[in-house]
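Taking it in order: structure first as structure tokens, then the write-up.
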Amino acid sequence: MELHFDQELGQLKEMLLRMAAVAEQSVADALKALVERNEELARKVDTEDAQLDRMEMDVDRVGIELIALRQPKASDLRFIIVAMKIATELERIGDQAVSIAHRACELTQEPPLKPLVDIPQMAALVQKMTHDVLDAFVYAKPELAREVIAHDNAVDQLNEQVRRELTSFMIEDPQTISRALNLMTVARKLERIGDHATNLAEGIVYLYEARDIRHQNE
Amino acid sequence: MDNTVFELTKLNFWYGPSQALYDVDVTIRRNQNTALIGPSGCGKSTLLRCLNRMNDLIERTRVQGSIMLHGQDVYAPEVDVIELRKRVGMVFQKSNPFPKSIADNIAYGLRIQGVTAKGELSDRIEASLRKAALWDEVKDRLQESAMALSGGQQQRLCIARAIAVEPEVLLMDEPCSALDPVATAKIEELIQDLKKEYTIVIVTHNMQQAARVSDYTAFFYLGKLVEFDATTKIFTNPANKQTEDYVTGRFG
């Protein structure tokens, strides 16, 4: 039997999916701004971030109302709690995209330091993680969420690699310092997006399996 | 567009010498569910029964202030109380089907209204039972006694009977308090469906029920309206400390 409450839960899910689409787009725009040295795209990321901020507040408001009015139990309760966490992570992904876009703008002021290789690779990986984790949410596939978590190490390793390479650039030629630091920040932000995808994945495993898998390898 | 159905201004009410309501101001809005909550004796049922003058049936009661139904004074001398109760139907705590068949329970009010054609009667019986989410359970036994239905079904039959005469407002006085959780859930779903067509005022001592089914909530204490606001506001951030204590179970 479909309840009125089910419709309200469905609306909350739709809000999250719209928010996820904006978050994914903002990361894609930030990277494109970096690779194509496009300042206009970088500014678009700011707009998307403002949108994500509002959406996060909307999801939290609806979540709080549903808890107050519907006294959710079991999977309904987990869904609302996880929905609010998902909104937080998506909003933070938007913040990371803004940071990348701002670095991209600064980088356009100087000639390219080097052809970008590792950063686009990292970007592709965290975008896939984000996309997969949202699929795991939509299609109720906790196993897919677990796969996402397994990818996080590869992102961390790439970040380390980028850091080492850029450090050697700076040692060899102080002229490269500001560009290298900007690129390092970009890599660091991508690594953070990977962390947010991991947090999302943990939330989704909790949602569908009622199992808390956080902090197990620490 | 004016969405006001009932406008209560400075309503006071007495049972003999004892005052039950003090200066109550409330607006009931169209196609919205309004819940009246508060501890026993707070006046919520008294207020509900003022809306269609059910209190007239109790001796030595007295009303002061005004209740306007679409701008017309409910207590004006020229008001036909029968007509009023047709517009403002009521469902009670204990289901009270007539000791007749399921179909006749619904047909009763319709026949009084002059509906006698067989075809129209059966159409309206079916429509009412469908609206009350009872049709699928009783369609093959419409001629059986209503007394054979379960408590939850009887209550939905009473709702079907109330809406058969096409009222504008439905008053519900603790409609689920005699029902088990499953029957209660069905009535609650029904209440949320019915607001598309009716304006509902429900008295409940179950706060969670008020939260689940209503759009507006009025909290009463000792005959006074303490707070009236959107249900989301009352249950997430009430303005009044007494309301907060009541909805959080710390008082009442």
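The values are calculated or read from the model by the stated rules, or taken from the named source; none is laboratory data. None of these values were measured; they are calculated from a predicted model. Using ideal geometry, Cβ is built from the backbone for each residue, glycine included, and neighbour counts are taken over all protein chains shown.
Assorted remarks:
- Candidates B:Leu36, B:Leu11 - the one that is part of a strand (DSSP E or B), under 29 Å from B:Phe235 (Cα atoms) and either of a type in the set (Lys, Arg) or touching a helix residue (DSSP H, G or I) at 6+ places or on another chain (Cβ under 6 Å) (or both): B:Leu36
- Count of residues meeting criterion [under 14 Å from the mean Cα position of the chain (by Cα) and basic (Lys, Arg)] in region A:19-55: 0
- Filter pass, A:Ala74 being of a type outside the set (Ser, Thr, Tyr) and at positive phi: yes
- Residue-level check: of (1) within 14 Å of chain B (Cβ to nearest Cβ); (2) at pLDDT 95 or above; (3) over 21 Å from the mean Cα position of the chain (by Cα); (4) surrounded by fewer than 22 Cβ atoms within 10 Å (Cβ to Cβ), A:Leu66 misses just (4).
- Residue count, region B:206-237 (criterion: touching a residue at least 12 places away in the same chain (Cβ under 8 Å) and within 29 Å of A:Leu9 (Cα to Cα)): 20
- Residues satisfying the stated conditions in region B:87-129, i.e. small (Gly, Ala, Ser) and touching a Pro at 6+ places or on another chain (Cβ under 8 Å): B:Gly89
- If only residues of region B:92-113 that are modelled with pLDDT under 95 and of a type in the set (Gly, Ala, Ser) are counted, the one that is farthest from B:Met172 (Cα to Cα) is B:Gly109.
Conditions (1) within 14 Å of another protein chain (Cβ to nearest Cβ); (2) within 17 Å of the chain's Cα centre (by Cα); (3) among the hydrophobic types (A, V, I, L, M, F, W, C), marked per residue:
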| position | (1), (2), (3) |
| --- | --- |
| B:Met207 | yes, yes, yes |
| B:Thr217 | yes, yes, no |
| B:Leu225 | no, no, yes |
| B:Lys233 | yes, no, no |
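- Of the residues contained in region B:181-200, none is found to be within 14 Å of chain A (Cβ to nearest Cβ), in a helix (DSSP H, G or I) and closer than 17 Å to B:Thr248 by Cβ.
- Within region A:3-30, the residues that satisfy the criterion of being within 14 Å of chain B (Cβ to nearest Cβ), without any contact (Cβ under 8 Å) to a residue 12 or more places away in the chain and in a helix (DSSP H, G or I) are A:His4, A:Asp6, A:Gln7.
- Counted residues, region A:31-42 - those being in contact (Cβ under 8 Å) with a residue 24 or more places away in the chain and in a helix (DSSP H, G or I): 7
- When B:Ile191 is tested against (1) more than 16 Å from the chain's Cα centre (by Cα); (2) at pLDDT 95 or above, just one condition goes unmet, and that condition is (1).
- Of residues in region B:55-70 being touching a residue at least 40 places away in the same chain (Cβ under 8 Å) and not in a strand (DSSP E or B), the one surrounded by the fewest Cβ atoms within 10 Å (Cβ to Cβ): B:Arg60
- Any hit, region A:86-100, residues being buried (at least 18 other Cβ atoms within 10 Å of the Cβ), at pLDDT 95 or above, within 14 Å of another protein chain (Cβ to nearest Cβ) and within 17 Å of A:Asn199 (Cα to Cα): no
- Candidate set: region B:114-141, residues that are touching an Asp or Glu at 6+ places or on another chain (Cβ under 9 Å) and in a loop (DSSP other than H, G, I, E, B); chosen: the one modelled with the highest pLDDT: B:Lys139
- Boolean, A:Asp58 is away from chain B (no Cβ under 13 Å), closer than 30 Å to A:Phe5 by Cα and touching a Gly at 6+ places or on another chain (Cβ under 9 Å): no
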